[in-house]
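This report refers to the structure that appears directly beneath it.
The values are calculated or read from the model by the stated rules, or taken from the named source; none is laboratory data. As the structure is a computational prediction, the values presented were derived from the model and not from experiment. So basically every Cβ, Gly included, is an ideal-geometry build from the backbone, and we count neighbours across all protein chains shown. These accessible areas exclude ligands, DNA and RNA; they are computed on the full protein's heavy atoms, side chains included. Shrake-Rupley method; radii C 1.70, N 1.55, O 1.52, S 1.80 Å.
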Amino acid sequence: MEYFTSYTGPEAGPHVMITALTHGNELCGAVVLDMLFKSGFRPLRGRLTLGFCNADAFHSFNRDYPILSRFVDEDMNRLWEIPILNSARKTAEARRCREIRPLLDQVDFLLDIHSMQHPTPPLMLAGPMPKGRALAEAVGVPESIVIDHGHAAGRRMRDYDRFSNPMTHHAALLVECGQHWSKISVEVARQTMIRFLVATGCADQGLIEDWLGPAPPPAQRVIEVTAPVTVKNDTFTFVAPYIGMEVIAKAGTLLAMDGNTAIHTPHDNCVLIMPSRRLSRGQTAVRLGRFVD
Ligand SMILES: [Zn+2]
């Protein structure tokens, strides 16, 4: 398949996949996959697949309108539901998902690398299953792990079939490295990729020393999403220019107006996760969460 490359290691092991450009404008993952290709890295065991998901969107990049290269026809990371994948939907993204799907059906562990609209601290989106959280903790970075159910607008690749099956070991992570096009995001993507290769057995611990040095990362903390806020009206406005990871101390604090409906924090110490600038009906405006042990 175009823009996907697999290597097989000398010993048995899991099939590990790292992907970039699921959103064509989110470049940090592509930069670090390029680093890995150029380093000549090969897996010690199992199979490693490196892939660029939406190359068509990436190739549409225009520096005057950089956000537009997020996708060609629709958001590729809302299509990973069996009825959609089995449908006759003809968008560029639906076609590409159907190409990738047979490969995904063989993957044990997935890391999908993204970036964000705002200069927000990085987040590992681990999904609602204990196996996702366990993989995020095995990787060890970034500092914040988000336990979440995804978006009302549709399933992400990390939510795909096998990764959402509690009876199997297959697990997937989506890392949000930081703001689009920032150098810090590239460094977060690099650290996450290297530690993911070690956590999944593709590489031994030495890879971390070689690429990142011996210092251990800071302790992680886990945030559980309590409520996604989905836009219901034509005008949705936040009361402040939130960028994400703000903690609102008191329950009942006004956050936003969705048409004439006031949106308040549902509980104390409410964490704002990835407030969006794409505030159209049916889209996720922000997700609300709380710290858990
Ligand atoms: Zn993204």
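Some notes on this structure:
- Residues that are closer than 17 Å to residue 47 by Cβ and of a type outside the set (A, V, I, L, M, F, W, C) within the range 191-203 comprise 200, 201, listed in sequence order.
- Here residue 146 does not qualify as in a loop (DSSP other than H, G, I, E, B), open to solvent by less than 50 Å² (accessible area, probe 1.4 Å) and either among the aromatic types (Phe, Trp, Tyr) or assigned by TED's automatic domain parsing to the domain that holds residue 186 (or both).
- Residue 135 vs. criteria in contact with a Phe, Trp or Tyr (Cβ under 7 Å, 6 or more places away or on another chain) and not in a strand (DSSP E or B): yes
- Which numbered condition residue 119 fails, given (1) more than 13 Å from the ligand (Cβ to nearest atom); (2) at pLDDT 95 or above; (3) farther than 19 Å from residue 100 by Cβ: (2)
- Residue in the range 124-143 that is on the phi > 0 side of the Ramachandran plot, away from the ligand (no atom under 16 Å from the Cβ) and either at pLDDT 95 or above or of a type in the set (Ser, Thr, Tyr) (or both) present: yes
- Flag if residue 17 is in contact (Cβ under 8 Å) with a residue 24 or more places away in the chain and in contact with an Asp or Glu (Cβ under 6 Å, 6 or more places away or on another chain): no
- Verdict on residue 68 being hydrophobic (A, V, I, L, M, F, W, C), crowded, with 16+ Cβ neighbours inside 10 Å and under 29 Å from residue 184 (Cβ atoms): no
- Checked against the criterion of being among the aliphatic types (A, V, I, L, M) and in contact with a Gly (Cβ under 8 Å, 6 or more places away or on another chain), the candidates 68, 48 yield just one match: 48.
- Any chance residue 205 is open to solvent by 10 Å² or more (accessible area, probe 1.4 Å) and either over 27 Å from residue 140 (Cβ atoms) or not assigned by TED's automatic domain parsing to the domain that holds residue 10 (or both): no
- All strands (runs of 3 or more DSSP E) inside the range 231-293 with 2 or more residues being open to solvent by 20 Å² or more (accessible area, probe 1.4 Å) and either among the hydroxyl-bearing types (Ser, Thr, Tyr) or over 19 Å from residue 121 (Cα atoms) (or both): 236-238, 254-258, 261-264
- Some residue of the range 145-167 being farther than 21 Å from residue 26 by Cα and without any contact (Cβ under 8 Å) to a residue 24 or more places away in the chain: yes
- Some residue of the range 119-128 being surrounded by fewer than 18 Cβ atoms within 10 Å (Cβ to Cβ) and touching a Phe, Trp or Tyr at 6+ places or on another chain (Cβ under 9 Å): no
- Close Cβ contacts (under 6 Å, 6 or more residues apart or on different chains) running from residues in the range 117-141 that are assigned by TED's automatic domain parsing to the domain that holds residue 161 to residues that are small (Gly, Ala, Ser) and part of a loop (DSSP other than H, G, I, E, B) comprise 118/244; 120/244; 132/126; 133/126; 136/126.
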